[in-house]
Amino acid sequence: MVGRQYDCLTNPLGAVRFTFDKAVASGSDPASFDRKDWGVGDVFRDFLFDNDGLAQVPILTPSTLHVVQPNSLVRFRGMIQDMLGNEFYVGAYKNEETWNTNKFSDVAQFPMGPSSDMRVWERRLLYCVPVPGQNTWADSASDGVINTYATSANREKRQRETCSVSDEMDIQDSSNETPNSPRAKKMREGESVPQENMTDATDCSTSMAPEFDRNSFPCLVKIYDTPESDLKLNDVFEFIGVLMFDTDVKDDKHGENEMANCFDEEESVNLPSSKVPRLHCLVHRKLSVNDMISISPTMEPKPELLRGIRDSLLRHLTVVLGDDELAAHFMLLHLLSKVHVRVDSVAVGKLSFNLSGFDKSSISVFGSRINDAIKNLLPYSQRMPLTVDYLNTASLAPVKDYQTNRLVSGVLQCAEGSHLTVDETPLQSGTLNNNGVENARLLKDLMDFQKVPLKPNHASLVLCLGKRVEYDFKYYKMKMDADVQLLILSEGKSNILPADIVLPFHPTAVGPLGNVDAETLNAWRWYLATLRSLTYSIGTEIQKVVEDDMVSARKVDRSLGTEDFNRFIIG
């Protein structure tokens, strides 16, 4: 058997060119390849999933960014924080009598003269970031693969080779231009496109690699041949593709940072490759909570197995909550809650939980224990200390900035499956400004109606946790669904956040938590993730029982409404 003529790991563009040449040689017209896969996807899926190549692909992080080779295969796990639209690029062109392709690349393989026969194609741009609130155990990048092939000698060689290629030919689609637009025509005629509308070309000078923080490490992902409906804002994906990252910028001879000006003034679609790495996606897959479990138990969710795991997890939660068994049962129900279906404005399955009765002494002990337990069990969790100052100054709602054409993230822009703990115990009397009133109203509407009113002032985006998202793009509004669990810790019953369940907290002991082994922790995580992912359905007999209970309860208390009936179904 003849081996591959390319290395998918170190030379993925070789595989792209090989399959392109093969398709052209078979008689296919390159003009028909726009938004179509000529066999590249099958090659990489075979390498990654059928031949166990995925484990060899390094995960892109701030620590691995300076080790992996540009133009090599990498993977990036993150949340889609912004969708930057489409861009035009020269997808195929003729060099003398040979057709070549620029797909999955920012630079041309060969010079493109003014007489070149070109095909202008489109690709989508996604601005991705690490998942907000991702806990350490769920971060597979913490023990990611760093391949030894990325040596400094090879890096220098690749930089020299990159410096010899022509400038990249990306055209930004900021004004919905077509291939017949003036800029596209200039490309076909060999004229230059204005620099502010071009992605940054490679420049071989002084290396100034930026420093990134793990929690704010962005990646500009370029998507090909994928329906728009497959990728949504706030979804968590693993993108596998070709890395493009240029850390070389010119010396600042005139006292100005040329690259910084480029980053600030250009449209968001045009993020410099020296500041934000680019990944030309070959394969992508949406990640579930189960994908975050490093060693997922290979077992069927049988009743006997689930019962045993549930009992051990419940005992653990009881110890965490100071032997308050009732609180532990409701905490477990809360951690298992999920929006299964939506009926009008009601998100069926959500279960917000308010534990009341805390004081400064008990919150210092049990607040930390609850927070640590949630961080160990769930992949994404955040804690919000609610104070007057926080409400007055926080940016809870993501905002659409029309000056930069960017979506500025807010605290409440979370991935599906996130958990938010709101600590009300620091809240003291004070005066709320306009922003504070709006934030308080946003949180209250979140709990009451499972959606959030939009800010009436400058363009803003408001996210309703766990229920529905409303996006205000100044000129129009858009709603998006979300699914986030909310836990409120307070002294008395929360007036700002009227939860589905309010329970006074009565701890009787502060027992030692002990050491929980990794296998048990993974079993608990698997249990929570698996039960939340199961299809939700009510059999005919159970449905009749629930209906009868609802009718009986309504006879006793006529004030019962839709939210109360929702809790009947959850129970």
Share of accessible surface on carbon and sulfur in the range 359-455, whole %, 1.4 Å probe and ligands ignored, is 50
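When the Kirkwood radius is taken over all Cα pairs of the range 1-94, what Stokes-Einstein diffusion coefficient follows at 20 °C and 1.002 mPa s, in µm²/s?
Values: Rh = 15.6 Å.
This corresponds to a translational diffusion coefficient of 137 µm²/s.
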Expected vector for the range 61-71, Karplus 3J(HN,Hα) from phi with 6.51, -1.76, 1.60 and θ = phi - 60°, integer Hz, x for Gly and Pro, equals 9, x, 7, 8, 4, 8, 10, 6, 7, x, 6
Ranked output for segments 91-98, 65-72 by mean other Cβ atoms within 10 Å, highest leading, reads 65-72, 91-98
Ordering 360-370, 543-553, 393-403 by per-residue average of other C-beta atoms within 10 angstrom, highest first, gives 393-403, 360-370, 543-553
Scalar couplings 3J(HN,Hα) for the range 376-381 by Karplus 6.51 cos²θ - 1.76 cosθ + 1.60 (θ = phi - 60°), nearest whole Hz, x for Gly and Pro, are 7, 9, 10, x, 10, 8
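If you add up the charges near W121, with Lys and Arg at +1 and Asp and Glu at -1, over every other residue whose beta carbon is less than 9 angstrom from its beta carbon, what do you get?
On the way: positive: R35, K103, R119, R123; negative: D34, E122.
Cβ neighbours under 9 Å give a net charge of +2.
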Whole-Hz Karplus couplings 3J(HN,Hα) for the range 84-94, θ = phi - 60° and coefficients 6.51, -1.76, 1.60, Gly and Pro as x, run 9, x, 10, 9, 8, 8, 6, x, 9, 8, 9
The answer for S72, listing residues at least 5 apart or on another chain whose modeled amide H is closer than 5 Å to its amide H, is L243
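The values are calculated or read from the model by the stated rules, or taken from the named source; none is laboratory data. Because the structure is predicted, anything quoted here is derived from the model rather than measured. Neighbour counts run over all protein chains shown; Cβ positions are idealised from the backbone, glycine included. SASA here: full protein model, heavy atoms, side chains in, ligands and nucleic acids out. Shrake-Rupley method; radii C 1.70, N 1.55, O 1.52, S 1.80 Å.
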